[in-house]
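One structure, pasted below without further comment.
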Amino acid sequence: MVTGKPLLTAEQISHRVRELGDMITEDYSGKKLLAVGILKGAFMFFSDLVKKIRVPLTVDFIIASSYVKTGTSGEVKIHYDIRDDISGKNVLLVEDIVDTGITLNHIRELILTRSPESIMICAFLDKKERRMVDVPIDYRGFEIPNEFVVGYGLDYNDMFRNLPYISVFKKST
Ligand code: 5GP
């Protein structure tokens with residue numbers, strides 16, 4: 001079940017997304033950007049964020065899932081890959097939440113093999129406590145405690161993605 005009051009309200013989220021958009025706009029001033037959303041979880045954050053970025057940009061998507069095995073290794077499966085040629089482009093990877101860091105690290109390394117001009121990472125949520133792989137986060141929405149959260153694109157069994165806020169999810173007993 002979705003617990004009590006939201007961890008992050010829709011108002012807090014929209015305020016922070018505007019701030020992130022302003023930072024990215026400033027940093028990429030005079031450049032063109034390829035914003036890559038990591039689906040499904042980042043779909044809502046991605047669409048709100050790109051509306052707040054005021055430099056010319058194109059969009060593309062990656063669909064990935066990760067399976068954590070024992071220890072520090074995990075396996076990442078890419079179900080859908082970027083269609084554009086990304087060599088020489090300024091890529092901004094947009095992720096919903098960084099937990100162990102395995103998914104994002106794998107995607108970042110994959111992109112780096114394709115010779116982009118630059119690669120930056122924007123993550124809506126950061127569960128720093130759980131990190132197993134060190135991945136550089138250039139733009140961070142919020143750092144959150146080690147709780148399973150849903151809403152604003154994030155799911156439990158594919159549900160709750162449509163909530164306009166972030167809540168902690170607990171399995172009811
Ligand atoms: P990582 O590879 O960093 O461990 O996992 C990242 C992915 O795990 C995220 O893209 C997301 O799909 C899922 N994930 C990690 N923590 C949470 C959480 O608290 N809530 C939800 N809904 N998904 C999570």
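PRE reach from Ser118 (point 7 Å along Cα→Cβ): which of region 1-31 fall under 18 Å by backbone N?
In region 1-31, the label zone of Ser118 (backbone N under 18 Å from the point 7 Å along Cα→Cβ) covers 20-31.
What number results when the radius of gyration of region 61-173, computed over Cα atoms, is divided by 2.2 N^0.38 Å? Please report the intermediate quantities before stating the final value.
On the way: Rg = 14.8 Å, N = 113, 2.2 N^0.38 = 13.3 Å.
In units of the 2.2 N^0.38 Å rule of thumb, it is 1.12.
Working out 0.36 nm times the residue gap between Glu26 and Lys128, then minus their Cα-Cα distance, what length gain in nm do you get to one decimal?
Value of the extension gain: 34.1 nm.
To the nearest 10 Å², what's Val36's accessible area with a 1.4 Å probe?
Accessible area of Val36: about 0 Å².
Another question, if that's okay. To check you understand DSSP bridge types, tell me what percent of the beta bridges within region 1-119 (both residues inside) are antiparallel, rounded to 5.
30 percent
At a 1.4 Å probe, what is the % contribution of carbon and sulfur to the accessible area of the chain?
Details: 4620 of 9100 Å².
Answer for the chain: carbon and sulfur cover 51 percent of the accessible area.
Determine the sum of side-chain charges near Arg114: Lys and Arg each +1, Asp and Glu each -1, restricted to other residues whose C-beta is under 13 angstrom from that of Arg114.
That sum, taken over residues with Cβ under 13 Å, equals -3.
Right, next: Straight-line reach from Lys127: which lysines have a Cα under 20 Å away, not including same-chain ones fewer than 8 places off?
Result set, ordered by chain and number: Lys5, Lys40, Lys69, Lys170, Lys171.
Ok, one more. What does the helix-only formula give at 222 nm for the chain: each DSSP H stretch with n ≥ 4 adding -39500 (n - 2.57), the total divided by the residues, and the result rounded to the nearest 500 deg cm²/dmol?
Helix contribution divided over all residues of the chain: -7000 deg cm²/dmol.
Another question about this same structure. Between region 132-167 and region 6-22, what's the alpha-carbon centroid distance in Å?
So the separation of the two Cα centres works out to 13 Å.
Then there is this: Sticking with the crude label model, points 7 Å out along Cα→Cβ, report the distance from Phe148 to Arg16 in nm, one decimal please.
2.1 nm
The values are calculated or read from the model by the stated rules, or taken from the named source; none is laboratory data. None of the values given here were measured: they were computed from a predicted structure. Ideal geometry is used to build each Cβ from the backbone, glycine not excepted, and the neighbour counts take in all protein chains shown. Please note that ligands, DNA and RNA were not included when accessible areas were found on the heavy atoms of the full protein model with its side chains. Shrake-Rupley method; radii C 1.70, N 1.55, O 1.52, S 1.80 Å.
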